[in-house]
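Undergrad: The structure follows.
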Amino acid sequence: MARRRTAPQEDGTDRHFVTALARGLEVLGCFRRGEAMLGNQEIAARCGLPKSTVSRLTHTLTELGYLHHVPELGRYRLGSAVLSLGAAMLGGLDIRRLARPLLQRLAVETGSVTALGMRDRLGVVYLELARGDAAISVNLEAGSRISLVNSAMGRAWLAVATPAERAALLRQFPAAERDRVAGVIAQALVEQRDYGCCCSFGDWQEDVNAIALGFHPGGGLPPMVINCGAPSFVVSPEHLLQEARPRLIEVARRLEHSMDLAATLPG
């Protein structure tokens, strides 16, 4: 059985933390991109929970519409209630509308893929994505989720997060991984200081180069990140740092606190 990652609040020190709710959300979170259905045994292995517990959770989530049961296969797929939640969340992110033309222009000028993302647990999820004419080989789309540790976007979030946010995140990793993650955080801070952005040259995927920068959109939204990258045969590290980086920084500057500004405009 896979070892389950326990949230820090689940150790009994936070009396407001509802463990049953957390486990139900963890069941929903174990579905991965490209997977249509999962059975109770697979869910139990990924969540590190007893199969009997998972059976009760999947039954409850099915009754509420967050899962759909396929009886002939004995498996589950995400239900329409999840889609409603996602649509409501994305519909409330006006930052996507503001970022879209900036990302498209950046993608065309740099011949790369550009994206807006935000942290999701131990990863970064793409909220908006644009492609330049030459960058057609990166198989990503809005909703894709990438590594927080190995990707430029993840490292950019680590660099822009507060020390308290980084410390809380570090505790979510298994103890055996924390030294490595702490090293990544230190490197991200060095890159942000020296380059004004964070880099991933073949770290996320061997044949992909990317740079990214975190910013604070305001409007009560958490820190977000934008990136610029493409297959290594399309863009070199030198091209990204010399040609794309100034443009990326300008886009981030224009988006910084953009939601605070939007709130002051007449509607």
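The values are calculated or read from the model by the stated rules, or taken from the named source; none is laboratory data. None of the values given here were measured: they were computed from a predicted structure. Don't worry about glycine lacking a Cβ; one is built from the backbone with ideal geometry, like all the others, and counts go over all protein chains shown.
Undergrad: Filter the stretch 221-231 down to the residues that are closer than 19 Å to E141 by Cα and either in a loop (DSSP other than H, G, I, E, B) or of a type outside the set (A, V, I, L, M, F, W, C) (or both) and list them by number.
TA: Answer for the stretch 221-231, where residues must be closer than 19 Å to E141 by Cα and either in a loop (DSSP other than H, G, I, E, B) or of a type outside the set (A, V, I, L, M, F, W, C) (or both): N227, G229, P231.
Undergrad: Here is a check on your reading of the model: is I185 in contact with a helix residue (DSSP H, G or I) (Cβ under 6 Å, 6 or more places away or on another chain), closer than 22 Å to R105 by Cα and among the aliphatic types (A, V, I, L, M)?
TA: no
Undergrad: Are any residues in the stretch 232-259 under 23 Å from the mean Cα position of the chain (by Cα), in a helix (DSSP H, G or I) and either over 23 Å from W204 (Cβ atoms) or among the polar types (S, T, N, Q) (or both), and if so, which ones?
TA: Selection gives E250, R253, R254, S258, M259.
Undergrad: As an exercise: evaluate A36 against (1) in contact with a helix residue (DSSP H, G or I) (Cβ under 9 Å, 6 or more places away or on another chain); (2) modelled with pLDDT under 85 and give the number of the one condition it does not meet.
TA: Failing condition for A36: (1).
Undergrad: Could you check how many residues of the stretch 185-235 are under 24 Å from E256 (Cβ atoms) and not small (G, A, S)?
TA: Final tally of qualifying residues: 25.
Undergrad: Within the stretch 219-242, track down each residue that is closer than 15 Å to W157 by Cα and either buried (at least 24 other Cβ atoms within 10 Å of the Cβ) or in contact with a helix residue (DSSP H, G or I) (Cβ under 8 Å, 6 or more places away or on another chain) (or both).
TA: Within the stretch 219-242, L221, P223, M224, V225, I226, N227, C228 qualify.
Undergrad: Which of the residues spanning the stretch 94-119 are buried (at least 24 other Cβ atoms within 10 Å of the Cβ) and β-branched (V, I, T)?
TA: The answer is T110, V113, T114.
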